[in-house]
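*Asks:* I'd like to ask some things about the structure below.
The values are calculated or read from the model by the stated rules, or taken from the named source; none is laboratory data. What you see is a predicted model, and the numbers here were worked out from it, not measured in a lab. Because the Cβ atoms are built from the backbone with ideal geometry, glycine has one as well, and the counts that use them run over all protein chains shown.
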Amino acid sequence: MAKELPYFRFYASEWLEGNITLEDETTQGLFITICAWYWKKDCQITKEFISKRLIKNNQLLSKCLDKLIDEEILKFASDLLVIRFLDIQYEQLSGISLKRSRAGRKGGKANVKQMLKQKSSYKDKDNDKENNKDNDKEAHPKKLNLEIRKEEFRKLIEPMVDEVAPKANCKEFFFYWTEPNPSNTKMRFELEKTWDTKRRLIRWMKNADVKQLSKKDEIGRDGIGTINKIIGNLKQKS
């Protein structure tokens, strides 16, 4: 990887506007270091590798990793680390399925260098995209798998955190609308006839406020009912 693809794309705006900047400096520093090792090792490293190579303080390491996992910035599949945005870049440039490679099938790593040489730079990849621009316009939605579309939906919501709705509500909104259908081909929001993410989130917040008020009213009614019962019991005793 170091020779054929020495670097990955780093978008400053995505970093600055993403959930990672909500974490402390230690967690941010750990994540970018993990990204570097992840890319260098063909997007295949384990939790054990991280604990040996990076922070020696197991308690601090565990704390930082838990934060990154909670925010879905990274995750673990069994013992293997998964950083989705780097997986997408790797698969696009190398033409290698990480899912297949991780499963240990033949041909996974054997042809890595040859395939990387064929698609050895972002410039070549971008040129290919430009040459096939008209065809890609029609084919693009079909090419994107569910995980990529899910990640794009997350990016639509991220700028609205705190501006339109609190982080917790945005997270609930995201999980609800990205629930896949039984065939795992479309998410809930993709099944809607019309869709505007910002308007839907605003409505989501209004509905949440109404539910909260209804709950308070219900608690109030229960409280009044309890008081009336107590008064009634006291009257009977007297």
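*Asks:* Restricting attention to segment 4-41, report how many residues are over 25 Å from LYS56 (Cβ atoms) and either touching a residue at least 40 places away in the same chain (Cβ under 8 Å) or among the aromatic types (Phe, Trp, Tyr) (or both).
*Replies:* 13
*Asks:* State yes or no: is THR46 surrounded by 12 or more Cβ atoms within 10 Å (Cβ to Cβ), over 20 Å from PHE174 (Cα atoms), touching a Cys at 6+ places or on another chain (Cβ under 7 Å) and modelled with pLDDT of 90 or more?
*Replies:* no
*Asks:* Within segment 3-19, identify whether any single residue is at pLDDT 90 or above, closer than 21 Å to PHE174 by Cβ and surrounded by fewer than 12 Cβ atoms within 10 Å (Cβ to Cβ), and answer yes or no.
*Replies:* Scanning segment 3-19 turns up no residue that is at pLDDT 90 or above, closer than 21 Å to PHE174 by Cβ and surrounded by fewer than 12 Cβ atoms within 10 Å (Cβ to Cβ).
*Asks:* Within segment 59-73, does at least one residue satisfy the condition of being within 19 Å of the chain's Cα centre (by Cα), closer than 22 Å to TYR7 by Cα and not charged (D, E, K, R)?
*Replies:* Yes.
*Asks:* Here is a follow-up. Could you tell me whether any residue of segment 183-190 is aliphatic (A, V, I, L, M) and either surrounded by fewer than 16 Cβ atoms within 10 Å (Cβ to Cβ) or touching a residue at least 60 places away in the same chain (Cβ under 8 Å) (or both)?
*Replies:* Within segment 183-190, not a single residue is aliphatic (A, V, I, L, M) and either surrounded by fewer than 16 Cβ atoms within 10 Å (Cβ to Cβ) or touching a residue at least 60 places away in the same chain (Cβ under 8 Å) (or both).
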